[in-house]
1. Given a 1.4 Å probe, how much area per residue of the range 35-84 is accessible, in Å²?
2. How large is the Kirkwood hydrodynamic radius of the range 24-65, in angstrom, based on all distinct alpha carbon pairs?
3. Cross-link partners among lysines for residue 66, C-alpha distance below 19 Å, same-chain residues fewer than 8 apart left out?
4. Given a 1.4 angstrom probe, I'd like the percentage of the accessible area of the range 18-77 that is carbon and sulfur, rounded to a whole number.
5. Can you send over the solvent-accessible area of residue 53, 1.4 Å probe, protein chains only, in Å² to the nearest 10?
Amino acid sequence: MPALIVNRWFDSASIAVWVTALATLAYVVISLLLWRATKHSAETTRKIFEQTHRPYVGMQSWELWKDGGSTGNLNCLTLINVGNVPASNVHVNIETFDHSGSIEKATSAEAGFVLFPNQAYTVQVATEIVEKVIEENRALAEHLGGGEVWLGITLKIELLYSGPSETNYYFRATIEQGASRNEFRLGRADSS
């Protein structure tokens, strides 16, 4: 009588091995997906913590070309930290451009100071371009018959500072002068 060949693929032991292998594979895939989601959640939580526990320094007000008496003219910027932690190593840089494209670069003498949360601090930066611009405008006014003509200037202000984790941040703004000596407006502002 012919021998009966039994296919070993469909016996109960083989089925149990295949089910175990598929369950293990599903467990590995699900574990990898959970690990990726946990990693993404941890990175998001870290970013949120960093953004809520850092300094945010900006300009609260400015007074340009303040008469400093014997020290000449000053650009006075009042800075404020609206963040939750102190800003350290604060540096103020100002570039002044007149109508002809001349540039005056100035840096605050108080470079590297600390600005605590909700604290305002006024920085005075000496400027020498004022006399040049005033004289140019006076000469132009005389040439045009005495009416006040004002060739404006543009100031580019950059605040550089650090947070507690030594991460560096910045605030940049442009202040543009209008049609008169005392008319200024805040142009473009950018920060990190």
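1. Numbers: 3140 Å² over 50 residues.
That works out to 63 Å² for each residue.
2. Working: mean 1/r = 0.0717 Å⁻¹.
Across the range 24-65, the inverse of the average 1/r is 13.9 Å.
3. 105, 132, 156
4. Values: 2970 of 4400 Å².
Summing carbon and sulfur atoms, their accessible area is 68 percent of the total for the range 18-77.
5. Accessible area of residue 53: about 90 Å².
The values are calculated or read from the model by the stated rules, or taken from the named source; none is laboratory data. This structure is a prediction, so every number in the text was calculated from the model and none was measured. Quick note on the areas: whole protein, heavy atoms, side chains included, nothing else; ligands and nucleic acids left out. Shrake-Rupley method; radii C 1.70, N 1.55, O 1.52, S 1.80 Å.
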